[in-house]
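The values are calculated or read from the model by the stated rules, or taken from the named source; none is laboratory data. All figures in this text were calculated on a predicted structure; none of them were measured in a lab. Glycine gets a Cβ as well: all are built from the backbone with ideal geometry, and neighbour counts include every protein chain shown. Note: accessible area is taken over every heavy atom of the protein model, side chains too, but ligands, DNA and RNA are not part of it. Shrake-Rupley method; radii C 1.70, N 1.55, O 1.52, S 1.80 Å.
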Amino acid sequence: MTDHTADLKAFLDASPVNFLAVEELRRRLDAAGFSELNPADTWTICPGDRRYVCANGSAIFAFIAGDAPAHTGVRIISAHSDSPCFRVKPHCEMVCDGDIVKLNTEVYGGPILYTWFDRPLSLAGRAILRGDHPLRPRHRTVCFRRPMLVIPHLAIHFNRAVNDGNHLSRQKDMLPVLGHVASAADAKGLIHRLVAAELEADPADVLDFDLSLYTVEGASTVGLNNEFISSGRLDDLSMVHAALTALLASDGCGATRIMAIFDNEETGSGTKQGAASPVLQQLLRRLCAALGGTDEDYYRCVADSFMVSADNAHGVHPNYTEKYDPTNHPVLGGGPVIKINANCKYMTDADSAAVFATVCERAGVPVQRFVNHSDVAGGSTLGNILTSQIPLRGVDMGAAVWAMHSARETASSADHNYTIRAFTEFYNC
């Protein structure tokens, strides 16, 4: 079995935030012979074409057009580019005693807050620069690839009960320290100037920016035999990497193969680039029409399609086994995990679970199942949100991880390789 661990680590390190993840995906797709489509243009697509389209610079949809009739079903693997983190607010500089500057931030998604303390952090995202027309500014990604910030924890001497439970205020406790300035006046607009300098741009041309904190420690392997991957953003960039790797490895078939990477899953998907938007539906309609199909062909295509919604799953924690369902607790290294929920938080049903299990069987890959402990409310993901827009058959699945939403999560190298094999088999079906 090919080991993709080193490439996964490289992808994670190149993708500290959603905008950089999409930029890295574009780089890899371009290298593999894909070309970008402009949503504002008329699309001309031929069988065998390798194309992709972006949304907001933080979501991307790539496909290899099949040579089957337009009404033939497509194979879709969906995942998301975002992870819980801290977003920088406007007018973010706050000067403290000793002319130390901290940044005003807002929590994005649902991170495990205390895992961000006392780590070297930096900033990444995108900047919006003045363009030739007010409605068409220029977008540039920006990443300070050096430690710049830290969120220092309060010493135990000032909170002796810290290890007995410690309520954290997102507005007070979680603000990162940037460093010293000569005077309070120098702090005003500091991040704006740093962004302009990093991009070698005129500060007057930097109109706005979306910046987030990220942990600068690189992805690594750990364990007696390097069997685990330790990194930030495994949820959900490991599934993004698996989908891309499988798409590029697929050997061609009559059906069109699609990789759909959405943004903003961690905040409910309710954006123009999120799974609750009509972005995938519009892509499928335009793709069907460009291949010569009618509205009727589109409906037939949807009815014949299948989607794998890939978002990581909870692996049984060796210290907290009581938190898991007594008969369904997937282990790290045990293969891809089918996610099931009686209240339809996932799109999986018996039909789609059987389909994915059969794909795994054909790929020679073990498969597991996850169901929440009945006393514990679970989350949801892309699958059921997408099926409220498009009536697709599909399965929710993922690789088992520990410490989901921590600043650093842990997964299994073997599971990542298993997932790529299963995804490749799915695309080739």
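Across the range 152-176, the qualifying residues are those that are at pLDDT 95 or above and open to solvent by less than 40 Å² (accessible area, probe 1.4 Å), and the one among them that is nearest to N104 (Cα to Cα) is L175. Applying the condition of being aliphatic (A, V, I, L, M) and open to solvent by less than 30 Å² (accessible area, probe 1.4 Å) to the range 410-429 and asking which residue is farthest from R362 (Cα to Cα) yields A411. Step by step: first the residues of the range 383-394, then only those that are in contact with an Asp or Glu (Cβ under 8 Å, 6 or more places away or on another chain) and outside any strand (DSSP E or B), then the one that is surrounded by the fewest Cβ atoms within 10 Å (Cβ to Cβ). Which residue is that? Once the filter is applied, the top-ranked residue is N384. Out of the range 219-245, which residues are open to solvent by 10 Å² or more (accessible area, probe 1.4 Å) and within 17 Å of the chain's Cα centre (by Cα)? Within the range 219-245, A219, S230, R233, T245 qualify. Within the option set L287, L283, L237, being touching a Gly at 6+ places or on another chain (Cβ under 9 Å), touching a residue at least 40 places away in the same chain (Cβ under 8 Å) and in a helix (DSSP H, G or I) holds for one residue only, L287. Among the residues of the range 395-409, the one identified as open to solvent by 10 Å² or more (accessible area, probe 1.4 Å) and part of a strand (DSSP E or B) is W402. If you go through the range 247-276 and pick out every residue that is polar (S, T, N, Q), under 14 Å from D82 (Cβ atoms) and either over 20 Å from the mean Cα position of the chain (by Cα) or open to solvent by 10 Å² or more (accessible area, probe 1.4 Å) (or both), you end up with 4.
P16 passes every criterion in (1) surrounded by 17 or more Cβ atoms within 10 Å (Cβ to Cβ); (2) farther than 25 Å from E265 by Cβ; (3) out of contact with any helix residue (DSSP H, G or I) (no Cβ under 6 Å at 6 or more places or on another chain) apart from (2).
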